[in-house]
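Colleague: First, the structure itself, so that you have it in front of you.
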Amino acid sequence: MSGCGKTTVTLGLMACLAKRGLNVAPFKVGPDFIDPGHHTSITGVASRNLDGWMLSKSYNVNNFFKHTQSADIAIVEGVMGLFDGYDGKSEAGSTAQLAKWIGLPVILVVDAKSMARSAAALVQGFERFDPDLTYAGVLFNNIGSSRHLEYLKEALKDNVTMPCLGGILHNKEILIPERHLGLVTQQDHPFGGEKIDLFANIIEDSLDVDAFLNHLPELETPEKKPESQRYPVSPKVKIGLPMDNAFCFYYADNLDILTEQGAELVCFSPINDAYLPDDLDGLYLGGGYPELFAKQLFKNAGLRKQIGEKSVQGMPIYGECGGFMYLCRELRDTKGKLFPMAGCFPFVTSMFTRLKSLGYREITFTKDTVIGKRGQTVRGHEFHYSELTEYSENVETVYQVSPRKGIKITKEGYMVNHTLGSYNHLHFGSCPEVGKQFVESCLQYKQERK
């Protein structure tokens, strides 16, 4: 359930099993960037997103088994509540959907603070809601004492089938700070060795890990049709990738798809680096928190100017959400202060204290762009507290955005020269041609410069 402590339990399990010497493959259900960053910091392995709405069943299943081939165990953190997803009528995009697609047992995490016998009714409801779902058991979080856990176990007896895996005592030391887009990122709140050990020890103390592991199923990799031998693609182009405290929201699959298509990804920091890396053929600016580092980004005037010049010169530049905000003329914070940004788009983005947009989006390209051709569709999501407050009608729009049935289709996706920006975070796995097209656009720019 949302807010029950899923991420804390997930990180604890990952830390515990990694400490035992197991190779852990981490995953996250849903369009999230922050939790996967913490997974990666604990396991040392890139965490992958699974999503039943943005991505097809075959893509999700293949992605899961592709990245578990050398793992001893896979841990998938759910999204929101177990059955929550795209809407209230279907299981699309939910954790339950992914669990059934792949054949994974679910650990139901319940916040048991101030709860006793009512816990049985809650767990029973989850257990009965979808008989096709398999449970590894229920784990109670925020219990007050060992006696509290006994009350909970007594309540479950004869009322539910799933076992009680244990209970985690309320502990302020394992809380992860939050802010307006969720938890604080791994870049701003890195876990040291002591914190990781704390996570691991809490899991060891809270459940019988050996018994838990012995009852988990072994999943067999689905048989695949023989494929022609594939050879590594030599890098054709160099694409700059902002990666620092301000910009860190990237799907690992997006980066893999670009690399597989022949891109060499070169990281740099818009906060700290005075110049772009040498010989770039394109820029991919992901999301993050530019509003929290607006002053530092503003002060790095040389890099801002250089990106603006590259845009005028026709370099393929793609920015989404926070990256799009950085590409605009100015960013206004919640106090009304303006900070000049890269100036590729003649827009002002303004921060608000309330959520401005949240949800899945399907994008149809209405014109050819640096990442997609007219008529192609790609799926993604929006989640932001800012919006355009100064806008120019002269800027071309190239997206037709469809949020969901019954909601008006809107135009977005702004293009100036070969610079494309939008609030939408796109998952290239929903349309692999997007990654291919971006690399080809960068290659064309590279050849034209010679």
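Where a number appears in this text, it was derived from the coordinates with a stated rule and is not lab data. In this text the structure is predicted, and so the values were computed from the model without any measurement. Ideal geometry is used to build each Cβ from the backbone, glycine not excepted, and the neighbour counts take in all protein chains shown.
Colleague: Count neighbours as other Cβ atoms within 10 Å of each site's Cβ, and list the GluC sites (Glu not before Pro) in segment 351-398 that are DSSP loop with at most 16 such neighbours.
Modeller: GLU393
Colleague: While we're looking at this one, here's another question. Could you tell me whether segment 228-334 comes out rounded, prolate or oblate from its Cα gyration tensor? Rule is a ≥ b ≥ c as square roots of the eigenvalues, rounded for a/c under 1.5, then prolate if a/b exceeds b/c, otherwise oblate.
Modeller: Cα axes put segment 228-334 in the prolate bin.
Colleague: About its Cα centre, how strong a charge dipole does segment 237-449 have in debye, to the nearest 20, once Lys and Arg get +1 and Asp and Glu get -1 at the Cβ?
Modeller: 720 debye
Colleague: Taking a cut-off of 21 Å between Cα atoms, list the lysines near LYS356, but don't count ones fewer than 8 places away on the same chain.
Modeller: Answer for LYS356, where 21 Å is the Cα cut-off: LYS335, LYS337, LYS405, LYS408, LYS411, listed by chain and number.
Colleague: Moving to a separate point now. Starting from the amide H of VAL266, placed 1.01 Å from N in the peptide plane, find each other amide H under 5 Å away whose residue is 5 or more places distant or on another chain.
Modeller: The list, which skips near neighbours in sequence, is ILE239, GLY240, LEU241.
Colleague: Here is a further query. Summing Lys, Arg as +1 and Asp, Glu as -1, what charge do residues with Cβ under 11 Å from the Cβ of ILE257 carry, ILE257 excluded?
Modeller: -3
Colleague: Considering only the other residues whose Cβ falls under 12 Å of the Cβ of VAL266, what net charge follows from Lys and Arg at +1 and Asp and Glu at -1?
Modeller: -4
Colleague: Too long at a 25 Å Cα-Cα cut-off: which of LYS28/LYS89; LYS28/LYS299; LYS310/LYS373; LYS238/LYS305; LYS66/LYS172?
Modeller: LYS28/LYS299; LYS66/LYS172
Colleague: From the phi angles alone, apply the Karplus equation (6.51, -1.76, 1.60; θ = phi - 60°) to segment 318-329 and give each ³J(HN,Hα) in whole Hz, x where the residue is Gly or Pro.
Modeller: 3J(HN,Hα) across segment 318-329, in whole Hz: 10, x, 10, 6, x, x, 5, 4, 5, 7, 7, 5.
Colleague: Right, another one. Do the sum for the chain: with -39,500 (n - 2.57) for every DSSP H run of n ≥ 4, divided by all residues, what is the mean residue ellipticity at 222 nm, to the nearest 500 deg cm²/dmol?
Modeller: Calculated from helices alone, the mean residue ellipticity at 222 nm is -9000 deg cm²/dmol.
Colleague: Continuing with the same structure: Using the Cα centre of the chain as origin and beta-carbon charges of +1 (Lys, Arg) and -1 (Asp, Glu), tell me which of ALA71, ALA200, TYR86 is placed farthest towards the positive end of the dipole.
Modeller: Value: TYR86.
Colleague: To continue, here is another question. Which whole number in µm²/s is D for segment 336-416 by Stokes-Einstein, with the Kirkwood Rh taken over Cα pairs at 20 °C and 1.002 mPa s?
Modeller: 151 µm²/s
Colleague: OK, next. How far is the Cα center of segment 370-440 from the Cα center of segment 44-73, in Å?
Modeller: Going from one Cα centre to the other spans 25 Å.
Colleague: Treat every Asp and Glu Cβ in the chain as -1 and every Lys and Arg Cβ as +1, leave all other atoms uncharged, and give the resulting dipole magnitude about the Cα centre to the nearest 20 debye.
Modeller: The dipole of the chain has a size of about 1060 debye.
Colleague: With the cut-off at 1.5 for a/c, could you classify the chain from its C-alpha gyration tensor as rounded, prolate or oblate?
Modeller: prolate
Colleague: Picking from THR259, LEU156, TYR275, whose Cα lies most toward the positive end of the charge dipole for the chain (charges on Cβ: Lys, Arg +1; Asp, Glu -1)?
Modeller: Farthest along the dipole direction, towards plus: TYR275.
Colleague: Whole-Hz ³J(HN,Hα) for each residue in segment 372-387, computed from phi via Karplus 6.51 cos²θ - 1.76 cosθ + 1.60 with θ = phi - 60°, x for glycine and proline: what do you get?
Modeller: Going residue by residue, I get x, 9, 3, x, 6, 10, 8, 10, x, 7, 10, 6, 7, 9, 10, 7 Hz, with x marking Gly and Pro.
Colleague: Next question, about the same structure. Considering amide H positions built from the backbone, and no H for Pro or chain starts, which residues 5 or more places from ASN424, or on another chain, come under 5 Å of its amide H?
Modeller: Excluding prolines and chain starts, which carry no amide H, the hits are CYS321.
Colleague: Another question, if that's okay. Give the percent of DSSP beta bridges with both residues in segment 6-214 that are antiparallel, rounded to the nearest 5.
Modeller: Given both bridge residues lie in segment 6-214, the antiparallel proportion sits at roughly 15 percent.
Colleague: May I pose another question? Among the DSSP beta bridges whose two residues both lie in the chain, what percent are antiparallel, rounded to the nearest 5?
Modeller: Roughly 45 percent of the DSSP beta bridges within the chain come out antiparallel.
Colleague: Under a 10 Å cutoff between Cα atoms, tell me which one of MET115, MET341, MET243 has the largest fluctuation in the Gaussian network model of the chain.
Modeller: Between MET115, MET341, MET243, it is MET115 that shows the largest mean-square fluctuation.
Colleague: Over segment 237-449, what per residue volume does the convex hull of the Cα atoms give, in whole Å³?
Modeller: Hull volume over Cα atoms, normalised by residue count, gives 107 Å³.
Colleague: If amide H atoms are built 1.01 Å from N in the plane of the peptide, which residues on other chains or at least 5 residues away come under 5 Å of the amide H of HIS170?
Modeller: ASN142, ILE143
Colleague: Next up: If the reach is capped at under 18 angstrom between alpha carbons, list the lysines near LYS236, excluding any in the same chain fewer than eight residues apart.
Modeller: LYS436, LYS446, LYS450
Colleague: Indicate, rounded to the nearest 5 percent, the antiparallel portion of the DSSP beta bridges found entirely in segment 237-449.
Modeller: In segment 237-449, DSSP labels about 60 percent of beta bridges as antiparallel.
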